[in-house]
1. If you go through the range 183-196 one residue at a time, do you hit one that is under 30 Å from Thr82 (Cβ atoms) and not assigned by TED's automatic domain parsing to the domain that holds Tyr428?
2. If we scan the range 291-304, do we find a residue that is without any contact (Cβ under 8 Å) to a residue 40 or more places away in the chain and either in contact with a Cys (Cβ under 6 Å, 6 or more places away or on another chain) or under 20 Å from Ser81 (Cα atoms) (or both)?
3. In the list Val391, Val421, Val434, which residue meets the criterion of being among the β-branched types (Val, Ile, Thr), within 16 Å of the ligand (Cβ to nearest atom) and out of contact with any Gly (no Cβ under 7 Å at 6 or more places or on another chain)?
4. Tell me, which helices (runs of 4 or more DSSP H) lie completely within the range 113-225 with 3 or more residues that are within 14 Å of the ligand (Cβ to nearest atom), crowded, with 19+ Cβ neighbours inside 10 Å and among the hydrophobic types (A, V, I, L, M, F, W, C)?
5. So in the range 28-50, with the set limited to residues that are under 24 Å from Gln308 (Cα atoms) and at pLDDT below 95, which one is farthest from the ligand (Cβ to nearest atom)?
6. Counting only residues that are assigned to a helix (DSSP H, G or I) and touching a Leu at 6+ places or on another chain (Cβ under 9 Å), how many does the range 32-58 have?
7. If you scan the range 230-251, which residues turn out to be within 12 Å of the ligand (Cβ to nearest atom) and surrounded by fewer than 24 Cβ atoms within 10 Å (Cβ to Cβ)?
8. Kindly provide the set of residues from the range 399-435 that are in contact with a helix residue (DSSP H, G or I) (Cβ under 7 Å, 6 or more places away or on another chain), surrounded by 18 or more Cβ atoms within 10 Å (Cβ to Cβ) and assigned to a helix (DSSP H, G or I), ordered by number.
Amino acid sequence: MNKMPNAPITSGPPNSNHPLRDEIVGVDRQVPLLDGSWAPYINLDNAASTPPFRRVREKVDEAMEVYASIHRGAGFKSLLSTHLYDKARQVVADFVGADQATQCVIFVKNATEAINKLANRFPFQPGDLVLTSMMEHHSNDLPWRARCKVLYAGLLPDGSLDVDDLTTKLRQNAGKIKLVAITGASNVTGTMPPIYEIAELAHQYGARILVDCAQLLPHRPIDMGPSDSPRHLDFIAFSAHKVYAPFGSGGLIGPKDFFEEQAPDYVGGGTVEIVTLDEVQWTQAPERDEAGSPNVIGAVALAAALQQLNEAGMDALVEHEKALTREALELLQDIPGVRLFGPTDPNRLDDRLGVIPFELVGMPHAKLAAIMSYEGGIGLRNGCFCAHPYVLHLLNVSNDEYLSYRARVLDHDRSHLPGFVRASFGCYNTLEEVHQLADTLKRVSSGEVQGDYLPDRGSGSYYPRGFEMQQMDAFFTF
Ligand SMILES: Cc1ncc(COP(=O)(O)O)c(C=O)c1O
């Protein structure tokens, strides 16, 4: 354990660092490799969760000093905590162009809870439809299936949204489709449906729109727009842990009057004006939809992260992430045996994020991800990314193949699941890290693998024979 964390990462090519790199907690941490050496961890799994900004940690610490019960607490710290919570709401609203006079920011625990809440709260009538797409994360698909019939807009051959198909479905079901629930960016391929154009179409055909901004929020500016604009976004949902603020919060934003029309889905303390044994008068939005004691610290963390992004400037961040994506697409396509999925043109970066799915033909995705980690210190993700229909489609899995996978999974054997590997960039990644990704992948592709990797039937993961995991206690103990 002599080479413990904190050695600085070697500097990358000129201008490869975004200023926000210095703001990331733990960015220099070294991790152990299979051969006994240590290397700076290269986190390319930002689509799953991002590390925290220092500012977030500092603001959370600061807030802890004054933290006390919020809402109706009479003490000074209670008043302060209520003030912090309200301020956080304003920061979030401002970040996405929401006006709290007519729209409300409901703090939830993550995007999944936000979308479930909207599904619970949407006043569907028998025969109503929701239109979503084939590329959605399960969190923007399953909550709708639970409430009504769902239509799926199709995809183009490169995995991007077929907007013509979406339009046709909207036209053919005008009046019945009450909501278009679409992702702002795919967590599998990074492809970004044209959300403002889709908003206009949805409104034209009498539907509202929810944009799942879980992926979009940390990477692109979002403007919900005024409600009288045909291109406005009615609802958005997102998670703070994907925006450099992993303190258990997220948001659902939508029209105040929508949430004030019906009873909340979760009821209890904080949701009411007055209660007798015979009746309940619900309070106003957003408090009506925040049952129980709220996550004040999570809200502060989210607001601090958004302020940090604002100060750094989203435009500069977008350009930096585009440069990383361009470089990665160019380098990975040149590696023998590597196959990319989704849009692959390095010059078409306006409608995609830096989320790049790939495979090394002939190698199980879980094995490739394990080698990249144990031999390169590179954190990637593999599998189906909570978007099974989309991944099965991109892999062109036949129904018979699907049935065979299904039988194995139901038999608790996840070792042969379809899928691929995903690299996803954050604002703090560098061109040097992209080069290290490509170099390590090139070595694996040419057969330079040190370890003997064994699959675990239950989890589907691969582990190198002989690697000792006890080292974990050197990083953290309770
Ligand atoms: C596009 C998209 N939507 C929704 C979610 C769900 O987010 P959470 O797990 O934070 O609720 C994710 C998470 O990966 C996502 O990528």
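1. The answer is no; no qualifying residue exists.
2. yes
3. Among Val391, Val421, Val434, only Val421 is among the β-branched types (Val, Ile, Thr), within 16 Å of the ligand (Cβ to nearest atom) and out of contact with any Gly (no Cβ under 7 Å at 6 or more places or on another chain).
4. Output list is empty.
5. Asp28
6. 1
7. Across the range 230-251, the qualifying residues are Pro246, Gly248.
8. Of everything in the range 399-435, those that are in contact with a helix residue (DSSP H, G or I) (Cβ under 7 Å, 6 or more places away or on another chain), surrounded by 18 or more Cβ atoms within 10 Å (Cβ to Cβ) and assigned to a helix (DSSP H, G or I) turn out to be Leu431, Val434.
The values are calculated or read from the model by the stated rules, or taken from the named source; none is laboratory data. Note that the structure is a prediction, hence the values are computed from the model and not measured. Because the Cβ atoms are built from the backbone with ideal geometry, glycine has one as well, and the counts that use them run over all protein chains shown.
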